[in-house]
1. Quick check on region 158-206: of everything there that is aliphatic (A, V, I, L, M) and at pLDDT below 80, which residue is surrounded by the fewest Cβ atoms within 10 Å (Cβ to Cβ)?
2. What's the number of the only condition in (1) on the phi > 0 side of the Ramachandran plot; (2) surrounded by 14 or more Cβ atoms within 10 Å (Cβ to Cβ) that PHE74 fails to meet?
3. Which pairs turn up if I take residues in region 137-159 that are farther than 18 Å from GLY174 by Cβ and look for partners that are at pLDDT below 95 and among the acidic types (Asp, Glu) with beta carbon separation below 9 Å, at least 6 apart in sequence or on another chain?
4. Can you tell me which residue is farthest from GLY10 (Cα to Cα) among those in region 207-227 that are aliphatic (A, V, I, L, M) and at pLDDT below 80?
Amino acid sequence: MNFIEAIILGLIQGFTEFLPVSSSGHLELGKFLFGIDHEANFYFSVAVHGATALSTVIVLWKEISLLAAGFFKFKWNEETMYVVKIIISMIPVAIAGFMLKDTIKDDFFTGNMIMLGIAFIITSALLFLTFFIKPKERPVGFIDSLIIGISQAIAVLPGVSRSGATIATGMILGTRKSDIAKFSFLMALVPIIGANMVEMLSGDFTAEATSVTVILAGFVAAFASGYAACKWMIELVKKGNLVWFAVYCTAVGIFSLLLGLNVI
């Protein structure tokens, strides 16, 4: 991987982590098109995912600090209830991550464009549903958080957008549009950090062929684009129109399928 490729992939990771179009799917597609060796770039993958997690913390620092302050009063207050909802939402993805980790690596992290294309189309279907299903809005509940968490578990598959699945599910359930994007990004922090730690412990870093400068370039690009995309997506979801992202995911899904079938 060279300097320019690192910046491009970092920008892709940052923008697509928060937009409902699948960051992991786009990274896999980008690596496939650039002909980048998956096994030789573990540090890079860890760096760009860490950069987007950091951008989430900075954008939502006010919300995180208020939740922490309320939670550590050790009272059953609004902040504690919200933290409990986030914890509930993380249970399904923790189970899915441990049960499906090897299967996902074998089926998706080896440049399987057909499976990737199918996953993109699943994302587009979820996003299209938000255009047709528009219930009365209400605060996120405990059961809602579990259902949204299940959608996040499904999004362990590269190509199924985590933010797309969770935000779309929240909107379909009737969660307030002003709340669902923030809830989606907050509930992802621990799983993203946890997945990075698992990757660091299990990766074959002896095969790393990427220089520190290139990794740093990817990190900065992912952080900057992630920061911008996170703020933009929070405002965009308030309007509730995700249909163009659905159209985009359909197009990328078809493109991936055609690549996998060697049509193009």
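1. The qualifying residue surrounded by the fewest Cβ atoms within 10 Å (Cβ to Cβ) is LEU201.
2. The one condition PHE74 does not meet is (2).
3. Partner pairs satisfying both residue conditions: LEU157/ASP107; PRO158/GLU28; GLY159/GLU28.
4. So in region 207-227, the residues aliphatic (A, V, I, L, M) come out as 207, 209, 212, 214-217, 220-222, 224.
This time we only want the ones that are at pLDDT below 80, so: 207, 209.
On the way: ALA207: 20, ALA209: 17 Å.
Out of the qualifying residues, it is ALA207.
Condition check ((1) assigned to a helix (DSSP H, G or I); (2) closer than 30 Å to VAL212 by Cβ; (3) modelled with pLDDT of 95 or more) across all residues:
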site: LEU33; (1), (2), (3): yes, yes, no
site: ILE36; (1), (2), (3): no, yes, no
site: SER45; (1), (2), (3): yes, yes, no
site: THR52; (1), (2), (3): yes, yes, no
site: ALA69; (1), (2), (3): yes, no, yes
site: PHE74; (1), (2), (3): no, no, no
site: TYR82; (1), (2), (3): yes, no, yes
site: LYS85; (1), (2), (3): yes, no, yes
site: LYS101; (1), (2), (3): yes, yes, no
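The values are calculated or read from the model by the stated rules, or taken from the named source; none is laboratory data. Fair warning: this is a prediction, and the values are worked out from it, not measured in the lab. Methodologically, a virtual Cβ is constructed for each residue, glycine included, from the backbone with ideal geometry; neighbour enumeration extends over all protein chains shown.
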